[in-house]
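Notes for the one structure printed next.
Rule-based calculations on the coordinates, nothing more; no lab input. Remember, it's a predicted structure, so these values are computed and weren't measured experimentally. With ideal geometry, Cβ positions are generated from the backbone for all residues, glycine too; neighbour counts draw on all protein chains shown.
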Amino acid sequence: MMSNFRVCMIKIEKHEVVKFVKFDNKEDAEHYAKNQSAADGKHRYEVQKNNKGEFAMIKSYLNGQEVGAI
């Protein structure tokens with residue numbers, strides 16, 4: 001079964017995805033992304049929602065702050 005949400009760890013300098021972590025709900029994904037980004041200044045953490053197999057960004061965190069959302 002495919003997860004509903006994922007958080008992608010993205011290298012700031014090269015804009016490349018390093019890894020992603022799957023989540024079943026939005027709140028857990030956002031909490032993880034915010035906390036991870038606060039402790040890691042080299043990566044942006046993007047919360048993505050699964051829409052029929054395609055993941056789309058819904059929020060992005062950098063240094064513990066939300067930097068983008070739709």
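Residue-wise test of (1) farther than 12 Å from L62 by Cα; (2) in contact with a Lys or Arg (Cβ under 6 Å, 6 or more places away or on another chain).
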position: N4; (1), (2): yes, no
position: I10; (1), (2): no, yes
position: V18; (1), (2): yes, yes
position: D24; (1), (2): yes, no
position: D28; (1), (2): yes, no
position: N35; (1), (2): no, no
position: G41; (1), (2): no, no
position: R44; (1), (2): no, no
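Considering the conditions (1) touching a residue at least 24 places away in the same chain (Cβ under 8 Å); (2) under 11 Å from the mean Cα position of the chain (by Cα), G53 is excluded by exactly one of them, (2).
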